[in-house]
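The values are calculated or read from the model by the stated rules, or taken from the named source; none is laboratory data. Just so it is clear, the structure is predicted and the values come from calculations on it, not from any experiment. In this analysis, Cβ positions are derived from the backbone assuming ideal geometry, glycine residues included, and neighbour counts consider all displayed protein chains. Note: accessible area is taken over every heavy atom of the protein model, side chains too, but ligands, DNA and RNA are not part of it. Shrake-Rupley method; radii C 1.70, N 1.55, O 1.52, S 1.80 Å.
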Amino acid sequence: MGAMPNKPRRGFPWSLAFSYIAVFMAGAVFYRLRLWPFGEGYYAALKAFELEALLSFLDSYHVLEGFVVVCLFYLMARTRSRLAIVLGVLGFVYIFLWGLWVVSDMMTGVGINQAVIFHLFSGTEGADYSQFLGEIAVAVIFLLLAVSVVVFSLGVGWRSRRTPKRRTRMLPLGMGFVMLVAAWLVSPWHQDIMVLADSYSRINSDQARRLDAMYVVEPRVIENKQNLVVLYLEGVERTYFNDKLFPGLLPNLSRLRETSLSFSGIEQSPGAGWTIAGMVNTQCGIPLVTPGAGINDMGHVERFLPEAKCIAEILAENDYQTVYIGGASGKFAGKGSFLRQHGFMEVKDRAYFQTEQPLPESAFSGWGLYDDTLLQIVYDEFVALSEEDGPFALFALTMDTHPPNHHVPPSCEGVHYGDGSSKALNSLRCTDRLVSEFIDRIRRSPYYENTTLVVLSDHLSMVNDAKVALDKAPQRENLLMIFDASMPSGERHVQGTMVDIGATLLDVLDASETRLGFGRSLLGSNGQEASYSSAFFAEQSLAGYLSFSRQLWDMPSVVGRIYSDGNGGVILGESLVDAPFFSVLNSQNKVVEIYFDDFAEKLDELQRGARYLYALSCESTRSAESGVCLVSGLKGVSEKIFSSVELGNGIRAAELL
């Protein structure tokens, strides 16, 4: 009896699997980019089929990204060529961006937004890094995974050299390239980057003239010189007052809200969403957008929004004494520079309470002063200012509710919400007690009759352990309550953004002109005129507003001589910029973009012939000398390096390329 013939072994049907995933990803790409070739009817059908919901599900659990990475390893192994290294490099970029998005989403809940870019490039001095150990661990895991893809591809390439007779398989290489491109196009980070890119589109002269007419910063007279107290509550949005989602969470503040003029319908728009942005929105009437293809750390620039005019400056022009008190570091995100340069005569931050008015270490958390200590200091300042002659504006910011870990000060020991399992809600329950006591003390004081007290959120809450409940809200909104003995209480529903709050405060003070920047009063004194917020609610493009706001940084022109300040900075025109930096110049030698990281990447993105100027340590230019060197160039044409000695003596602008 003859031996049975061996049946051919059949492996996993990879070709069929790739065909299915290719069809799905092609449909997803067409859907997300609205490039469906068979007309809008098919696009509407896919939308009705809830393809977006399916993609969101895959994004939430990272199913698609995980599948792509598994397939990438398989395809590199099947390539059997040094060309696998190409897939390895592309895979590194894909996984790096995937990890960046995941870590960003852990902090923001909405992936990569302007807050992430701002703080990615910002000096995070003053931040409590111990609160982000989970995010740091996840970032390390993704970095290791990205590196492992490159190492694996190098291994495939090395093995191919030892077996030179093996034929290169181009099909896996091509499939891997197409898969990575398609995966990039349907990825959530690609969608986020496209949204961010829209905020940096340029405006034409007609748009500039129209926006310039809408941007109001003229001097005005304050008729009702009430004292003004403004208390920002870190991330304490109006949604937390929803008793269906958070029953009994804020009983004291809910009671006080009924006695205030409160506002509903204040939503979060682009250029908002983190503390310094919230301050710029509410005080200057503009979204916060910084120069560059990405938002960078403007704490490294000497002048913070020099062309903007903000409410503290207007109040100071009307003989108000202006004071800011905050428990966190003023260096964080350039907050101290912004406040000092825009009308605040005194800025008391963490450094002040550690040196000028030293407090015991027990009064500080990782972020700064506990809120119980801060609010006592703010009240004492309120009393002291009230006893002086002349009006004042006192602004303050709490911080115990800052995510991800939040803080509960010693005076709230034992205070918790429900079973006490949520750090965010426990912190909010403490805030309810502390802030309501502060409000009651202000209102009971003999000075309240001449005082307007404003309590508001600086932005919507970022990701915390109450996110599941927050996401159930039909609409998340910012908080604004105004306590004024001369104003009727009640709730006012509006369609507004944080940009409108400064104008609203000017309206309360009976200013001769209530419009501020692009902001319009929520009390309705500006009628139905076109505005930033009306464009936002009409779902019109905000790109012009964002581009206009970016121009308010008034970046320096490189004229005369360029000097080193001898302390790690470079003087460009009339501005001091901390090194290292990378800048792009226009034909008039004006800086149009500036960055403080990823210099090689920014240089690669420039078109041939583009003019650039950057400063960095001389060691980075392979120079034997120390200090800061300057490099000027025309992309793809020539480059010129100036030594630290030349920079110290001054370099004439005419010597630049």
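Which value in Å is the Kirkwood Rh of segment 561-655 over different Cα pairs?
Numbers: mean 1/r = 0.0752 Å⁻¹.
Answer for segment 561-655: a Kirkwood hydrodynamic radius of 13.3 Å.
With a simple spin-label model that places each label point 7 Å from the Cα along the Cα-to-Cβ direction, the separation between Ser264 and Glu218 comes to 3.7 nm. Full extension of the chain between Gln588 and Leu154 yields a length gain of 151.6 nm, computed as 0.36 nm times the residue separation minus the alpha carbon distance. The alpha carbons of segment 434-573 give a radius of gyration and a Dmax of 20.8, 60 Å, in that order.
Relative intensity of segment 493-551 on a log10 scale, I(q)/I(0) at q = 0.12, 0.26, 0.29 Å⁻¹, equals -0.27, -1.07, -1.22, per a Debye sum over C-alpha point scatterers of equal strength in the absence of solvent. Taking 20 °C and 1.002 mPa s as conditions, segment 564-617 diffuses translationally at an estimated 183 µm²/s according to Stokes-Einstein applied to its Kirkwood radius (Cα pairs). Counting heavy atoms of the protein chains alone, Glu437 has an accessible area of about 90 Å² for a 1.4 Å probe.
Backbone amide hydrogens, once placed in the peptide plane, bring Ser264 within less than 5 Å of Arg492, His493, Val494, excluding anything fewer than 5 places away on its chain. The residues of segment 561-655 expose on average 50 square angstrom of accessible surface per residue, using a 1.4 Å probe on protein heavy atoms. Kirkwood analysis of the Cα pair distances in segment 227-552 returns a hydrodynamic radius of 19.9 Å. With an 8 Å Cα cut-off and a minimum separation of 6 or more residues, compute the relative contact order for segment 561-655 in percent. Computed value for segment 561-655: 27 percent relative contact order.
Kindly state, to the nearest 0.05, the FRET efficiency for Val178 paired with Val140, given R0 = 25 Å and r defined as their beta-carbon distance. Could you put the intermediate results ahead of the total?
Values: r = 30 Å, r/R0 = 1.21.
The formula returns an efficiency of 0.25 here.
When you restrict to C-alpha pairs under 8 Å that are six or more residues apart and normalise by the size of segment 227-552, the relative contact order lands at 33 percent.
Counting 0.36 nm for each residue step from Glu605 to Ala654 and taking away their Cα separation leaves a gain of 15.1 nm. Straight-distance candidates among the aspartates and glutamates for linking to Lys635, with alpha-carbon spacing under 20 Å and chain neighbours fewer than 8 residues away dropped: Glu593, Asp597, Asp598, Glu601, Asp604, Glu605, Glu655.
Summing charges over neighbours of Ala384, with a neighbour being any other residue whose Cβ is under 15 Å away from its Cβ, gives -4 when K and R count +1 and D and E count -1. Could you work out how far the C-alpha centroid of segment 524-589 sits from that of segment 615-636, in angstrom? Value for the Cα centre distance between the two parts: 26 Å.
Calculated on C-alpha atoms, the gyration radius of segment 203-347 divided by its Kirkwood radius gives an Rg/Rh of 1.00. Shown are Leu434, Leu90, whose ranking by accessible area with a 1.4 Å probe and every protein chain present, most to least, is Leu90, Leu434. Relative intensity of segment 599-657 on a log10 scale, I(q)/I(0) at q = 0.12, 0.21, 0.22, 0.26 Å⁻¹, equals -0.28, -0.82, -0.88, -1.09, per a Debye sum over C-alpha point scatterers of equal strength in the absence of solvent.
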